[in-house]
Amino acid sequence: MRGTLVSKILLKLTHFHANKMCFKNLTGTRLRVMIWVGFVVGCVAKFVTGSLFVYNVYQDDIKQTFNYTQKEMEIQPSLLNLGLGVGFLPGMIYDRFGPTVTSLVGLFVSVGSYMLLWSTTRFIDFYKTAGGLVSVYFMFCGLGSVFTYMVALNTNVINFSEKHRGKIVGGLNCFFAGSPSVFSVVFYKLIQKAEDHADSFATFMAFFAILFAFVDIVCALFLRVYKKRDEEVYTVDPSKIEDDINNKANTEQNSDPKSKPEVQLNDLSGVNSQSENKCCTPQKSQKVEPKTLKEILIDVDFYLLIGMFSCASSIGLVYLNNLTVISKSVHLDHKDQDLVLIVPITNALISVTIGFASDFFQEKIQRMVILMFSCFLYVGLTVLAMLLGDSYTALCFATFFCGLGTGIIWSLTPTVMSEMFHISNLGRNWGIALLFAALLGMAGQYSFGALYDEQKPENELFCYGLHCVAGGLGVCVGFSVLAVVFGIILMLHRGIKLSR
């Protein structure tokens, strides 16, 4: 009896494992409302996690507060991205325990890490020689954020039909990509003007701690999986749910045995009942089967896809994190408040647009073709910034290309991954891709900082001239070419044509 009570309490805490949930007690209308409430909550969660990409607006405050070198400064966003890249851990926790537990873990990690960053300005003398410890704090910020990121992404990808997957992922990414523009305005207009360098940084970190506390609690309360995820993808059929509820007795007595569901689902208490009807119906047979971790790690196509994504996304991260460094080097830092808005706004607009477009045109243009286009955008932006970055117009165009490429690559890669390697264990697979991207991004960030410091005069905090950033941008050119190569090989290997 006691064991049964404990089991029920644990089941309520996690609100049932994502792989075992089928909410047959919800009417069709209420079920649709709850799914859309989950989408809205997911958008809010994605909006807050987008705060990871505003490091460029407050990095000068850190540098002038603690007198760090550029190499030390590059380690901080590198470890921030590495924390984001340990997404396979939150992904596996999500796959095992569901959204509630994952949100609560994210709450603890995010709030704790941002409060540690807030505390650094209370001990400036100590942290001037402990830059590595500050970088570790940033890594935990990234890790906490990816818990929230995974909950928002995975829950909504599972809850909505596959035919709308591009729109759902694109819509979520729109909030993820667009939020840095809002946070940048908050920092420049409300925080920086009222504080000195140290206080501006501390206030911003406390602000993020409060935001993550709020959003993770909301995710834990409202994000649920409302459809069964097994060997087939199930989509909610509200009319069938209502019919089952209102006519259950007649259905059991009069239904043709041949028309009964082949798969029996467990009831909410976990007890299997052969007399129950399914609350979910299969949308369509899947062309691919779920793969174990061992199988996915020896799949060549998986490595080609994450190789393309890692190279491309690392360029976006290095360029975005160092945008204000580039502008300061070429004496365009007075335009920072405008430059830092280009990527998030462009990213947000293209994210939602490409989501709808990829779903609408998927019968004619495969998503991989659009991903390849984004890789060529990265080639263009890196070459343009390296050769003509001292021109404000050229820098604006390069930044615009970065927004376009980032919006496409982050919106479509999870969708393509779920289609190539099944929706099952998407959290794990996407988390592995994020880890590879973070490691490559770390190499790019470190190279950028090292090459910058080599050009900087001794005893100077900043370096001026396009030559200061040309070396780091040259590394990004190499990454962009690799992304194109990986994409072409993947398309040839899978026989993907430019049009169907």
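The values are calculated or read from the model by the stated rules, or taken from the named source; none is laboratory data. The shown structure was predicted, so the numbers you read here are calculated from the model rather than taken from an experiment. Because the Cβ atoms are built from the backbone with ideal geometry, glycine has one as well, and the counts that use them run over all protein chains shown. We work out accessible area using only protein heavy atoms, side chains counted, and drop any ligands, DNA or RNA first. Shrake-Rupley method; radii C 1.70, N 1.55, O 1.52, S 1.80 Å.
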| request: Describe numerically, in nm with one decimal, the distance between label points set 7 Å from Cα along Cα→Cβ at THR393 and at ALA130. | output: 5.1
| Euclidean distance of C-alpha centroids, the stretch 32-77 and the stretch 348-374, integer Å | 26
| message | Quick check on the stretch 342-449: take the gyration tensor over C-alpha atoms, sort the square-rooted eigenvalues as a ≥ b ≥ c, and tell me if it's rounded (a/c under 1.5), prolate or oblate. | response | oblate
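Efficiency by 1/(1 + (r/R0)^6): what FRET value for THR292 and THR353, r their Cβ-Cβ distance, R0 = 30 Å, to the nearest 0.05? Before the final figure, lay out each step's value.
Numbers: r = 36 Å, r/R0 = 1.20.
With a Förster radius of 30 Å, E is 0.25.
Cα-Cα over 28 Å: which of LYS63/LYS193; LYS167/LYS335; LYS63/LYS167; LYS193/LYS335?
Details: LYS63/LYS193 18 Å; LYS167/LYS335 34 Å; LYS63/LYS167 40 Å; LYS193/LYS335 16 Å.
As for pairs spanning more than 28 Å Cα to Cα, those are LYS167/LYS335; LYS63/LYS167.
Counting only heavy atoms of the protein chains, get the accessible area per residue of the stretch 308-434 (1.4 Å probe) and round it to a whole Å² value.
Values: 3740 Å² over 127 residues.
Value returned for the stretch 308-434: 29 Å² of accessible area per residue.
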| request: Keeping every protein chain in place, order MET139, MET308, MET92 by accessible area at 1.4 Å, biggest value first, i.e. largest first. | output: MET92, MET139, MET308
| Could you state the per residue volume, in Å³, of the convex hull enclosing the Cα atoms of the stretch 70-149? | 70
| query | Residue separation times 0.36 nm, minus the C-alpha to C-alpha distance between VAL218 and LYS364: what's the value? | reply | 48.6 nm
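Can you tally the net charge around TYR446? Count Lys and Arg as +1, Asp and Glu as -1, for every other residue whose Cβ sits under 9 Å from the Cβ of TYR446. Working shown, then result.
Values: positive: LYS71; negative: GLU74.
My count for the surroundings of TYR446 gives 0.
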| remark: Cα-based Debye curve of the stretch 311-377 sampled at q = 0.13, 0.14, 0.16, 0.25 Å⁻¹ gives log₁₀ I(q)/I(0) of -0.50, -0.56, -0.68, -1.11
